[in-house]
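*Asks:* One structure coming up, written as structure tokens, with questions to follow.
Any read-out appearing in this document is the output of simple, stated calculations on the displayed coordinates, not a laboratory observation. Just so it is clear, the model here is predicted, and its values are computed rather than measured. With ideal geometry, Cβ positions are generated from the backbone for all residues, glycine too; neighbour counts draw on all protein chains shown.
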Amino acid sequence: MNEDVLDLYKYLKLLFSKWKVILGGTILAAITAFIVSYLLPPTYEATALVVITNTGERVQFDPRFQDIINEQSLSAYPELANSDEILQELLVQLEPPPTDVDTIDTLKNMVSASAGGDPSLIRLTVKSSNPAEAARIANLWAELFVAKINELFNNPGDTQVQAFTVQLEAAQQNLEESEQALIDFQAHNKISILQNQLQVLLSTQADYLAQQQEIFVLLQDIENLRSLLEQGKEQDIVSFADQITALLLQIRAFDNKQANEGDTFPLQLQLTSAEELTVSNRNEQVAYLDSLARTLQARQAQVEQRLNELEPQILLLQQQKQAATAEFSQLTNERDIAQETYTALARKVEEAKIEAQGIESTVRVGSKAVVPTKPVAPRVMVNTVLAGIVGLFTSIGIVFAVEFWMEVREEEGSTLVSLKPVEETS
């Protein structure tokens with residue numbers, strides 16, 4: 001802490017000891033800045049204001065379509081004012097040309113365009129050593145800028161009508177093409193035909209599946225009756241109840257065969273004897289049941305084969321139907337979208353026509369520049385004060401640098417003196 005105090009005291013002492021040098025450097029810098037600023041030619045600034053007007057009410061039938069003029073960003077206008085085309089035209093029309101303006105680059109250094117407090121207000125500023133020339137250039141620049149912008153964005157309502165009309169014509173053509181495509185599809189639309197064919201095959205498949213299940217149950221019942229008959233081997237005569245059971249199995253098998261062959265005639269059963277409905281011999285009855293079972297098994301194989309043949313036909317019809325349905329759905333969606341687009345654009349055209357009757361979007365000169373009387377540069381007093389401050393800090397830095405350099409030299413000299421006796425002794 002004591003060392004810091006000593007160092008600070010050392011620096012303050014150095015500043016007080018060299019105050020004349022520091023004061024002299026500050027005064028010299030201030031006087032130099034004052035003389036240079038006083039000798040420089042004055043610069044005058046003239047500003048013209050351009051106002052972007054946009055009057056008239058807007059009708060918005062469909063929010064999906066935005067107005068063209070609303071999409072124009074107001075921030076683009078200052079850049080347009082500084083464009084090479086407008087500045088080149090300004091340079092050409094400056095008659096007589098100013099003495100200090102001979103190229104477009106020189107003109108760019110004199111002019112600047114910026115947005116005002118409101119984005120619809122554009123400030124066109126010109127700086128020149130001649131106040132009358134500054135005002136003349138600013139006013140001519142404003143007139144050229146206004147004429148160029150109005151030329152670019154003239155009749156915005158008519159422009160929108162034309163733009164939307166072109167889009168409407170394209171939408172109408174697209175709608176007609178989509179409708180014609182849907183009409184052409186209907187000329188070979190097989191959805192209903194495929195649906196009927198598929199329904200027939202599915203109904204046939206359901207019938208075969210029902211027959212397959214019935215045959216399976218019949219075979220089980222025949223097997224059960226056969227087992228029951230084999231259990232009574234000691235009796236050669238089949239009981240009346242077993243004969244009725246066998247007869248019912250025959251009737252069910254016969255009905256299944258009729259269903260398979262498509263016979264719709266009703267089955268009529270006539271009993272001529274109440275004591276013998278079928279064969280009464282057990283062995284003959286078992287043999288008959290075996291024969292009936294083989295017949296049903298053969299029929300079962302035929303049904304299975306028929307079901308296997310129906311499956312690929314059904315799958316193919318389902319695929320063809322789905323493809324036709326997908327194509328029809330796609331064409332319908334395209335037609336609907338085209339219809340919606342056409343309707344929206346038709347409304348937008350009517351909206352633009354209404355707007356075109358009452359909308360006026362122009363750029364106008366809001367205020368012309370007058371000949372300035374007071375220069376904006378050079379600012380003699382401000383430059384003098386700033387130069388004095390810079391000279392003050394520069395002088396302080398030089399004093400510190402010189403003092404540091406002298407201390408380094410003293411340390412190097414003392415080191416050489418301390419080393420000399422050692423060298424003589426050796």
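*Asks:* Once amide H atoms are placed 1.01 Å from N in the peptide plane, what residues at a sequence separation of 5 or more from Tyr44, or on another chain, have their amide H within under 5 Å of its amide H?
*Replies:* Placed amide hydrogens put Ser128, Ser129, Asn130, Val376 under 5 Å from Tyr44.
*Asks:* Show me 308-319, 170-181 ranked by packing, highest mean number of other Cβ atoms within 10 Å first.
*Replies:* Descending mean neighbour count gives 170-181, 308-319.
*Asks:* Using modelled backbone amide H atoms (1.01 Å from N, in-plane), which distant-in-sequence or interchain residues come within less than 5 Å of Gly116's amide H?
*Replies:* For Gly116, whose amide H was placed from the backbone, the distant partners under 5 Å are Leu121, Ile122, Arg123.
*Asks:* Take the residue pairs Lys148/Lys348; Lys127/Lys148; Lys127/Lys368 and return only those whose Cα atoms are more than 21 Å apart.
*Replies:* Values: Lys148/Lys348 28 Å; Lys127/Lys148 23 Å; Lys127/Lys368 15 Å.
Beyond 21 Å between Cα atoms: Lys148/Lys348; Lys127/Lys148.
*Asks:* Per residue of region 93-98, what does 6.51 cos²θ - 1.76 cosθ + 1.60 with θ = phi - 60° give for ³J(HN,Hα)? Whole Hz please, x for Gly and Pro, Karplus curve as stated.
*Replies:* Each residue's phi maps through the Karplus curve to give 8, 6, 10, x, x, x Hz.
*Asks:* Can you give the relative contact order of region 83-174 as a percent, counting alpha carbon pairs under 8 Å and 6+ residues apart?
*Replies:* Dividing the mean separation by the residue count of region 83-174 yields 23 percent.
*Asks:* Now for a different question. What ³J(HN,Hα) values, in whole Hz, does the Karplus curve 6.51 cos²θ - 1.76 cosθ + 1.60 give for region 44-49 when θ = phi - 60°, with x put for Gly and Pro?
*Replies:* Computed from phi, the couplings for region 44-49 are 10, 10, 10, 10, 10, 10 Hz.
*Asks:* From the backbone phi of region 196-208, what are the Karplus-calculated ³J(HN,Hα) couplings (6.51 cos²θ - 1.76 cosθ + 1.60, θ = phi - 60°) in whole Hz, Gly and Pro given as x?
*Replies:* 5, 4, 5, 5, 5, 5, 5, 5, 5, 4, 5, 5, 5
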